[in-house]
Amino acid sequence: MTTATLEQSERRKAWALVAPALLWTVAFFVIPFLYMAAMSLWSRQGRDILRVWNLDNYARFFSESALLRGLTNSLEITLTVTVLSVLLAYPLAWIIAERVPKRWQRMALILAILPFWTSYVVRSYSWLLLLSKGGVINQALLGIGLISEPLEIASNRTATVIGFVHFFVMLLTLTIYSNLIQLSPNYRRAAADLGANAFQTFWHVILPLTLPGVMTGAFLTFVLCIGDYITPQILGGNNELVLPQIIMLQIGRRADFPMAAALSIILMLAVTAAYVLCARWLKIERA
Amino acid sequence: MAFDQQARTSDVLLHQGRLKRVLGSCLSWLYLACIYGFIFLPVAVLVLFSFQDGRLPVPPFNGFSLQWYEAVFADRKLTAALANSFLVATTSSVVACTLGFLAAYALARYKLPGSALQRGLLIAPMTVSYLIIALGLLAVLNTFGIRLSLWTVGIGHVVINLPLCFAVIYASMGDHHINIERAARDLGASDFKVMTLVTAPMLMPSIMAAFFLSVTFSWDEFIIAFLLSRFDVTLPVEIWSMLRSGLNPKTNAIGSLVFLVSVAVLLVLELALFGRSRKS
């Protein structure tokens, strides 16, 4: 056998191995996605889809305030959640990495993310137990006489944000911790030798070095948060709908698939915009 | 004199430093306590009120009862959903791991044209919201008139888990394995034998990691399972429909059960992995 034919047969073998995965991805991801993108340019007529190309759905999105509010609500909630989660998770990860004795660190970390392992739906529901009118927090506050009427803390944006932050603090603690322990102690020593105090060391050395990891975690938070339907639906109620809730309304009650497709494309564009904005800090591992 | 003063200032500095450190560690522990409280509060309340002897899972706690756990096991729909979830999670993960392993092997061991593009394509679903993946699939299935079932849910779950399995296994395919594979080939093993009897066992830790990650994601996935199923549903979807009846200790009971089982599995895995890493 010449080398050329040997190479050819090797290559054929390789294609045969990679083909199933590629075909699966093309058939069940790429084609559906392109089909949906095309559908966002069609329109609905009754229960049928009219295959006439136009930008009506997108025009309607920008002219109907109820739809546009969905996007701004989503962005506001997601940004709040991302910032709060980073601010809460960073100190936690730092304390676990720096203050907790080495042999207890793994345990501390496992404990910090333990509620991760309840089902996602149940986690939002358990916040309802705490926040609802007759819930634990209201009963406790009533009991010690701080309030005389139960507070309305469930079924609004605050409840959604709390539920989200609870989830993403766990996720971010994990990513930030793994960043912190990868740092060589020499950086800290060098900074101390050069006369930096603890705060200066943190601000000028540790924080910049962990920033790529933090940004990656924050971006992940952004993506997962803005695309989530469950938490806002369970905790947020029906007053301030976010984009995924509006998308679900389109395919449910209104049976308007083209509009749902257009809103999904807009959701994706929001994620892409976020990616472009923080791309230079992102450290996405490339093999 | 000068020396004395210097000694005194350094003494004061030392004292200040110690004070600061004590204060700092007090603050650290306080923060730790608060944030662990925040993280555990919902789970604690969930588990506590699953034992509620009454119809509402809110205070006051009326007393200890196992009636809601009995209700869970007596609920045919819930146990069926549990079995469905298990079936979908394991089947879709086996498919995702197999496809992911084959693709990783091909892209790591052979030179293929456009391999960067292929890797990008295989990873791409990771960057898209589950909701959007589900909607696309739903639109195509509707157009072709394919009926929704656990199969369609499984297809969706392979789509979201394949990138993960591929990435995990591909990342662990180091070049140092190549020589062992070459040795096997020199000793007369066919390509298929090399792959299944040499490469796969060497990569078993990462294949298992990919499999369990994939099972976890599929087990807990809601939106794809919700949109792509009809009569047979998975556990998160069944729990979702239980939520419509409002706060209910039975939901607490099933939630606590899922939590306890996951933690038990996690502990077993942790001990097994810990044991292995100590041995090697």
If we ask which residues in segment B:29-48 are facing chain A (nearest Cβ under 8 Å) and under 25 Å from B:Tyr69 (Cα atoms), their number turns out to be 7
Need the failing condition index for A:Gln8 against (1) farther than 30 Å from A:Thr160 by Cα; (2) within 27 Å of the chain's Cα centre (by Cα), just the number. (2)
Would you point out the residue of segment B:199-250, among those that are charged (D, E, K, R) and touching a residue at least 24 places away in the same chain (Cβ under 8 Å), that is nearest to B:Leu162 (Cα to Cα)? B:Glu221
Which residues, taken from segment A:33-47, are surrounded by 14 or more Cβ atoms within 10 Å (Cβ to Cβ) and part of a helix (DSSP H, G or I)? A:Phe33, A:Tyr35, A:Met36, A:Ala37, A:Ala38, A:Met39
Give the residue, chosen from B:Leu117, B:Leu213, B:Leu187, that is touching a helix residue (DSSP H, G or I) at 6+ places or on another chain (Cβ under 9 Å) and not aromatic (Phe, Trp, Tyr). B:Leu213
Just to confirm my filter: which helices (runs of 4 or more DSSP H) fall fully inside segment A:172-287 and include at least 1 residues that are over 30 Å from A:Trp104 (Cβ atoms) and hydroxyl-bearing (Ser, Thr, Tyr)? A:257-278
Hey, among the residues in segment A:90-114 that are of a type in the set (Phe, Trp, Tyr) and surrounded by 19 or more Cβ atoms within 10 Å (Cβ to Cβ), which one's nearest to the other protein chains (Cβ to nearest Cβ)? A:Trp94
How many of the residues in segment B:34-85 are touching a Lys or Arg at 6+ places or on another chain (Cβ under 6 Å) and surrounded by fewer than 18 Cβ atoms within 10 Å (Cβ to Cβ)? 1
Looking only at segment B:137-175, which residues are within 17 Å of B:Pro205 (Cα to Cα), assigned to a loop (DSSP other than H, G, I, E, B) and more than 9 Å from chain A (Cβ to nearest Cβ)? B:Gly174
Those residues of segment A:48-104 which are of a type in the set (S, T, N, Q) and part of a helix (DSSP H, G or I), in sequence order: A:Asn57, A:Ser63, A:Ser65, A:Thr72, A:Asn73, A:Ser74, A:Thr78, A:Thr80, A:Thr82, A:Ser85
Report whether or not A:Phe199 is closer than 27 Å to A:Cys278 by Cα and either in contact with a Cys (Cβ under 6 Å, 6 or more places away or on another chain) or without any contact (Cβ under 8 Å) to a residue 12 or more places away in the chain (or both). yes
If B:Arg76 satisfies all but one of (1) touching a residue at least 12 places away in the same chain (Cβ under 8 Å); (2) farther than 30 Å from A:Ser9 by Cβ, what's the number of the condition it fails? (1)
Residues that are more than 10 Å from chain A (Cβ to nearest Cβ) and among the aliphatic types (A, V, I, L, M), drawn from segment B:237-255: B:Ala253
Only one residue in A:Thr173, A:Thr221 is at pLDDT 90 or above and closer than 30 Å to A:Glu64 by Cβ, so which one is that? A:Thr221
Scanning segment A:115-132 for residues that are more than 7 Å from chain B (Cβ to nearest Cβ) and out of contact with any Leu (no Cβ under 7 Å at 6 or more places or on another chain), the one surrounded by the fewest Cβ atoms within 10 Å (Cβ to Cβ) turns out to be A:Phe116
For B:Ile155, all conditions in the list (1) more than 24 Å from the chain's Cα centre (by Cα); (2) of a type in the set (Val, Ile, Thr); (3) surrounded by 17 or more Cβ atoms within 10 Å (Cβ to Cβ) hold save one; what is the number of the exception? (1)
Within segment B:49-90, residues touching a His at 6+ places or on another chain (Cβ under 9 Å) and more than 14 Å from every other protein chain (Cβ to nearest Cβ) come out as B:Val88
Is there a residue in segment A:270-286 that is surrounded by 17 or more Cβ atoms within 10 Å (Cβ to Cβ), closer than 30 Å to A:Asn54 by Cβ, touching a Gly at 6+ places or on another chain (Cβ under 7 Å) and within 13 Å of chain B (Cβ to nearest Cβ)? no
Being among the small types (Gly, Ala, Ser) and within 24 Å of B:Ser25 (Cβ to Cβ) narrows it down to one of A:Ala255, A:Ala218, A:Ala196, so name that one. A:Ala196
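Out of A:Pro232, A:Pro244, I need the residue that is within 28 Å of B:Met242 (Cβ to Cβ), more than 11 Å from chain B (Cβ to nearest Cβ), modelled with pLDDT of 90 or more and under 17 Å from the mean Cα position of the chain (by Cα). Which one?
After ruling out the rest, the residue left standing is A:Pro232.
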Single match in A:Arg189, A:Arg157 (criterion: basic (Lys, Arg) and over 26 Å from B:Val45 (Cβ atoms)): A:Arg189
Those residues of segment B:94-123 which are touching a residue at least 24 places away in the same chain (Cβ under 8 Å), under 14 Å from A:Val26 (Cα atoms) and more than 7 Å from chain A (Cβ to nearest Cβ), in sequence order: B:Arg119, B:Ile123
Just a yes or no: is a residue in segment A:144-157 loosely packed, with under 15 Cβ neighbours inside 10 Å and within 13 Å of chain B (Cβ to nearest Cβ)? yes
Hey, B:Phe211 more than 10 Å from chain A (Cβ to nearest Cβ), within 24 Å of B:Phe86 (Cβ to Cβ), aromatic (Phe, Trp, Tyr) and more than 14 Å from the chain's Cα centre (by Cα) or not: no
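The values are calculated or read from the model by the stated rules, or taken from the named source; none is laboratory data. A quick note: this is a predicted structure, and the numbers were derived from the prediction, not measured. Every residue, glycine among them, receives a Cβ derived from its backbone with ideal geometry; neighbour counts consider all protein chains shown.
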